[in-house]
Every structure is written in C-alpha cells, then in structure tokens.
Amino acid sequence: MKALRLVLTIAVALVLQTTLARFLVRGSGGVDLALVAVTYLGLTLGPTAGIFSGTIAGLAQDSLGGGIVGVGGLAKTVVGFLAGIVGSTFIVSQTLPRFVVFFGATLLQVGITTGLYFLLDPQPPIVGRYAVLAESLANALLGVVLFQVSEGIPGILDRRRGVSRGRVR
C-alpha cells in the first residue's frame, strides 16, 4: 500500500508539473511539484520512502527536462532522505514546522543542483537569489496546503458516510 501511494503521488506530481505548472507560473519554473511530493512522502512515510521517491522523481525530471541526467535525482534523493529523517526525529505536525521543512528542502535541492552543475558543466546555469526565494516560498506554501488537504479528506469522507446512512453527527 505504501509503494502504491508513493508511486501514485510521484506520478501525479510529474504529470501536473509537465502539464499545468507552466500555465500557473508562466513558464518561469516557480514551483517544483516533484520536490514537494518527495518532501511530503519523506515526512509522512520516512527516510526509506524519501530516498526511493527522490530517486524516481529526480531521475524522471532529469530525463524529461534535458540536462545532466542524475543531478536532479541525486539532489531529490538527499532531500527526500533528510525530510524522512526530520519527519521521524522531530514533531512536524504544525503548519510552521512543515513550512520550514518545505522551504529548507527547496533551498537544499537548489544548492545541491547548482553545486553539481558548477562541478560538471563548463557553463553552469545562473540561478538568481530572488527566483530561489520565490520558488522556496511557493513550494513551502504548496506543501503546507497539501498536508492540510490530505489530513482533511478522511474527516470529509467520514461525514459524508454518516449523512448518506441517514445519521447526522
């Protein structure tokens, strides 16, 4: 069940990233849905799921995006593992700690990716500070909303089942 949840979450994030994200942020790359999914899975399912989801999402994004294949995979794998460690070590059940984890995950992923490109590519891409800050904020807000929605769905379903059976709570 965990594996199915993991694969479906990554697949949905990648599909949405490739189809809808360019319309939402006008092609500027202002949100990384795959990174949000990897961080979410790491926080909720632990470090092993973070490693697995980071590897799958990162390599899929690398192969779809055109660049050095493996750079994004390594960065997202590290982020997923560390998110899993944070989620299993600390209490990350409130909005502010979750926001900080998603914000930090984005900064870490951009730092690892940029550092690897500087090592491997003779002409690495230039990353602006404000673009990184905007992406970090967007990913953190989206991650917090994702948690709120995923925690609220079971309660909504329970209330609907109670109403459909004629019982009102």
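The values are calculated or read from the model by the stated rules, or taken from the named source; none is laboratory data. A quick note: this is a predicted structure, and the numbers were derived from the prediction, not measured. In this analysis, Cβ positions are derived from the backbone assuming ideal geometry, glycine residues included, and neighbour counts consider all displayed protein chains.
Tabulated data for the structure shown
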item	result
Pair list, Cβ < 8 Å and 6+ apart or interchain, from region 8-30 residues that are within 19 Å of Gln109 (Cβ to Cβ) to residues that are modelled with pLDDT of 80 or more and exposed (fewer than 14 other Cβ atoms within 10 Å of the Cβ)	Leu14/Leu64; Thr18/Leu64
Search result, residues across region 91-124 that are among the small types (Gly, Ala, Ser) and surrounded by 17 or more Cβ atoms within 10 Å (Cβ to Cβ)	Gly104, Ala105
Answer from Val144, Val127 - the residue that is part of a loop (DSSP other than H, G, I, E, B), touching a helix residue (DSSP H, G or I) at 6+ places or on another chain (Cβ under 9 Å) and either surrounded by 13 or more Cβ atoms within 10 Å (Cβ to Cβ) or at pLDDT 95 or above (or both)	Val127
Tally, over region 65-107, of residues that are over 17 Å from the mean Cα position of the chain (by Cα) and among the aliphatic types (A, V, I, L, M)	3
Contacts under 6 angstrom Cβ, first residue in region 75-102 being closer than 18 Å to Leu6 by Cα, partner outside any helix (DSSP H, G or I) and not aliphatic (A, V, I, L, M), 6 or more apart	Gly84/Gly46; Ser88/Gly46
Criterion: farther than 23 Å from Val127 by Cβ and exposed (fewer than 15 other Cβ atoms within 10 Å of the Cβ) - qualifying residue of Ala11, Ala49	Ala11
Selection within region 45-70 - modelled with pLDDT under 95 and among the β-branched types (Val, Ile, Thr)	Ile68, Val69
Scan of region 42-64 for residues that are within 11 Å of the chain's Cα centre (by Cα) and without any contact (Cβ under 8 Å) to a residue 40 or more places away in the chain, ordered by number	Gly50, Gly54, Gly58
